[in-house]
Structure formats: structure tokens, C-alpha cells
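Where a number appears in this text, it was derived from the coordinates with a stated rule and is not lab data. None of these values were measured; they are calculated from a predicted model. Because the Cβ atoms are built from the backbone with ideal geometry, glycine has one as well, and the counts that use them run over all protein chains shown.
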Amino acid sequence: MRENFDITGYFYQIGNLKCRKYLNIKKKNTKIRKPDLMVVMMNPGGSKPIDGIDNGKNEVPTIPDQTQDQIMRVMENCEFNYARILNLSDVRITPSEAFYNILTDLKEKQIPHSIFDNKREQDFKELFVKNIPTIFAWGVGKDLTELAKIAIKKIGIKNPIGIEQNDRDYAYYHPLPRNNNDQIKWVDGITKRIKTA
């Protein structure tokens with residue numbers, strides 16, 4: 001399936017923090033210039049440019065991962081040509097617990113690591129495409145609530161596509177649950193919501 005897509009990202013650094021501003025997943029040979037699907041996830045995790053250069057000067061080919069495979073499956077099911085992934089935070093760090101552990105420090109130092117931060121208004125305007133299907137899929141970690149609230153308010157859409165945790169607001173299941181069966185269910189659930197929206 002990966003052979004059907006070109007995956008590129010824009011990588012940069014804030015001090016010692018390795019970051020990714022966005023990721024584009026395009027069907028090979030598509031002619032469209034703007035995304036027809038937006039996806040908002042937690043953070044870029046271990047995402048890396050193929051050439052290993054993090055200089056923030058160009059959009060570069062990116063090593064795909066299993067989470068992106070899930071997005072590609074949805075794209076194929078729903079005949080999307082161009083998805084853009086933005087994140088609650090640009091910081092590339094794994095595992096999730098390591099990311100949660102630095103959130104307080106990022107806030108205290110007022111580092112604009114989120115594209116939904118008011119200091120990043122220009123980035124948001126350039127990269128977020130309105131009036132197209134938008135998947136919320138950042139996971140259900142309680143540490144994400146504050147960032148999720150900011151993102152939801154900034155995006156301002158009434159009917160995002162996502163699978164919400166039943167007993168909590170602002171919590172949308174991640175595309176890659178640990179269980180393979182749940183991974184299949186996530187793709188099927190998102191596909192159904194898009195097709196019936």
C-alpha cells in the first residue's frame with residue numbers, strides 16, 4: 001500500500017527539540033494541490049526524514065510508520081488523494097509518557113510547540129484547510145486535554161470525524177491501538193463516519 005503514496009514532511013528544531021510542522025500523504029500522480037483530508041494527531045512521535053536532515057529548509061521525503069498506514073487505509077477506502085497531518089504538538093518524542101513528561105516544561109517556558117498556539121497563527125492559516133473532512137485522532141491521554149481544547153476551539157468545526165471515548169470530552173481514539181483487531185475497527189469506524197457524513 002505504501003508504494004501508492006508519497007509521504008513528505010517539514011522538519012525543524014526549537015533549541016534542542018526535534019520537531020515536525022506537518023506531514024503530507026499524497027497519492028502518487030495526483031494532480032490536486034490542496035489536501036482533501038485533514039488529520040489531527042498527538043505529536044509526530046519518532047517520525048524522521050529519510051535523509052536525516054532536520055534543518056527546516058524544505059519539505060522532504062519521510063519514513064512512513066504504522067500510524068500513517070492507518071491513514072492511508074482510510075484514504076484508499078474513501079478515495080482521498082491528499083491528506084495533511086497536523087499535531088497537537090510538533091515535538092518529536094516517543095513514547096507517549098516521555099511526551100507527557102515535557103508538557104509542563106514547554107508550557108512554563110512558553111515554547112510555541114503547537115500549531116494551534118496563537119503565536120503560530122500564520123502557520124495555522126497556511127496549513128489548515130477548512131471545509132474538508134477532518135479526523136480527530138490524538139488519543140485519550142488525560143494529559144492532552146488542555147492542548148485538545150485549544151485545538152478544537154481553533155479549528156472550530158462542529159462535526160469532526162473521530163471515535164470518541166464514551167465518558168470523556170476532548171478524547172478521540174488514536175489510529176493505532178495496540179490490538180490488531182482494534183486497528184481494523186478504527187479504520188472501519190472512520191471510513192463509515194466519512195461515508196455517512
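Considering only DSSP beta bridges whose two residues both sit in the chain, what percent are antiparallel, to the nearest 5?
70 percent
Mind checking the full-extension length gain between Glu121 and Asn159? Use 0.36 nm per residue of separation minus the Cα-Cα distance, one decimal, nm.
Fully extending the segment from Glu121 to Asn159 adds 11.4 nm.
Which net charge results for the neighbourhood of Gly46, defined as the other residues with beta-carbon distances under 9 angstrom from its beta-carbon, given Lys and Arg at +1 and Asp and Glu at -1?
Residues close to Gly46 contribute a combined charge of +1.
Once amide H atoms are placed 1.01 Å from N in the peptide plane, what residues at a sequence separation of 5 or more from Lys18, or on another chain, have their amide H within under 5 Å of its amide H?
Here the answer is Arg92, since their amide H atoms fall under 5 Å of that of Lys18.
Amide H of Lys48: which non-local residues (sequence gap of 5 or more, or other chain) have their own amide H closer than 5 Å, using H built in the peptide plane?
Sorted by chain and number, the residues that satisfy this are Ile63.
Rg(Cα) of the chain divided by 2.2 N^0.38 Å?
Cα-based Rg divided by the globular estimate yields 0.96.
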